[in-house]
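I have placed the structure first, in the form of structure tokens, so that the comments after it can refer back to it.
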Number of protein chains: 2
Amino acid sequence: MSTSTRSAKGRGRSTALSRDSILESAITVIERDGVAALSMRRLGDELGVDATAFYRHFRDKDDLVLAAYDRVTGELAAQIRTIAPDVDWRTRLHSLAWGSWQLAARYPALFSLGWTRTTGGEAESEIVEYILAALASTGMTADQVVLHYRMFGDTTLALCGMAASVAAMPAELRGKDAAAWTRIYAVLPQAEYPAARAHAAELATVGEEDIYRLTVEAILDRIEVTIASSHVSDR
Amino acid sequence: MSTSTRSAKGRGRSTALSRDSILESAITVIERDGVAALSMRRLGDELGVDATAFYRHFRDKDDLVLAAYDRVTGELAAQIRTIAPDVDWRTRLHSLAWGSWQLAARYPALFSLGWTRTTGGEAESEIVEYILAALASTGMTADQVVLHYRMFGDTTLALCGMAASVAAMPAELRGKDAAAWTRIYAVLPQAEYPAARAHAAELATVGEEDIYRLTVEAILDRIEVTIASSHVSDR
DNA sequence: CCACTGTTGTCAACACTGTTGACAACAGAT
DNA sequence: ATCTGTTGTCAACAGTGTTGACAACAGTGG
């Protein structure tokens, strides 16, 4: 509807392009057709507009990707904002860990492009504040707070980023998902790779979420140990 | 020396191109000039040869990158091969964790390109076998072995990959290293981000290696807990 | 010594990519 | 009605990975 958005010769301005509409289209394209499909020409087609029109709203492609990444990160920020402030630190961090996982699962292509970057956006700051506040509430020293913040933040981010990168890979590149494990390790020579052969079956069936859950628990357990031992040295 | 390798019209074959010499040049170029600098034309220049000559030795660029990645991974495989087999599992995994870290530090650009990929190469298999064997020696069940293998392997790989990706970024993209932390979090409004403001100084000074060390210890501790608790349920 | 065969580097070309600068069509304000 | 700033269009540039036809060589068999 609206005003046809354009057509062949459509020089009319009519439907305005905006940062928001471009971001929306970009996210749609990249998640539907893959990270390699996000080109300026392709994005222009999607919006019914010339490829270079986009440069009136973003400095360059990197700027667009970062803005899109920060936008979806906003969903995670909104999610943790609903958590009651009196919840204990462990469940707060646990919630965040799973929020990140779900975000990476929902936008694998975009997440794989942005997770190593520092956007400096509002959503990012909010999440950092959330983690630091949770850890500070345990009574750690400032040094311990930031160290454990980075342990928790880096590990969850990196694991989610890895999962997203694998999920966003062109289907023919990643070796048919979990099947790769069986294909590769089931055929290794028994003599040189006894352990790999012995565990080939289990390697194929282990769940990605179970791995993530176990790792997050390990991190949180470690934080608890630190808290306990620092209380001991207090007295 | 040799036979000039070529020169303007040099149609002579003379110095043969080989998989090895191409790999060597590729690794040199990518680590010296960055991941974006590894183009076929650029690689051809480096070797004194036409850009497309390379296709006689590799299927495509992805094939080259994967081969290069597997080659440097061989250095890690060689390193763990020197570890005496009677060493306990924990020090074995600890050594591997630091070997990965050093590898990522030595070849950040290449590591950032390859760490999410499954090469299926010999070096990769050797490392997998190494971890599985170490964990199997603890007396865990097969399910527990693979679960904890993935926890250890995924986490160390992802953290090293993240560090490599950041290190391999074009200098102007990553916000001047650690300085970004101060630039961003020191200027946040005190009212909304009290924890971030309170820890701005510590955020800037925390060492990357300390974070990695702490995380690895957390993973290894968790494995010990699992071992202990499974022995309890044994009796 | 010659002819044949397979290998390997060369060259031109293709279909892409991100990005820029000149231009034109419009909206709103004077 | 004119002037101004915004925003989409178009042609072009320098760069990318990759392909197919061609030619120079090495080694082999007669």
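For segment B:41-62, the set of residues classified as surrounded by fewer than 16 Cβ atoms within 10 Å (Cβ to Cβ), near DNA strand D (Cβ under 8 Å from one of its atoms) and part of a helix (DSSP H, G or I) consists of B:Arg41, B:Ala51, B:Thr52, B:Tyr55, B:Lys61, B:Asp62, listed by residue number. The set of residues in segment A:15-59 that are small (Gly, Ala, Ser), touching a Lys or Arg at 6+ places or on another chain (Cβ under 7 Å) and touching a residue at least 24 places away in the same chain (Cβ under 8 Å) contains only A:Gly48.
Among what's in segment B:1-52 and is at pLDDT below 80 and of a type in the set (A, V, I, L, M), pick the residue that is farthest from DNA strand C (Cβ to nearest atom). Result: B:Met1. Has segment A:128-139 got at least one residue that is over 19 Å from A:Ser230 (Cα atoms) and out of contact with any helix residue (DSSP H, G or I) (no Cβ under 7 Å at 6 or more places or on another chain)? No, the conditions are met nowhere in segment A:128-139.
The criterion of at least 3 residues that are within 11 Å of another protein chain (Cβ to nearest Cβ) and surrounded by 20 or more Cβ atoms within 10 Å (Cβ to Cβ) is met, among helices (runs of 4 or more DSSP H) falling completely within segment B:190-235, by B:208-232.
The values are calculated or read from the model by the stated rules, or taken from the named source; none is laboratory data. Source: prediction; values computed, not measured. Note that we place each Cβ from the backbone using ideal geometry, even for glycine, and neighbour counts take in every protein chain shown.
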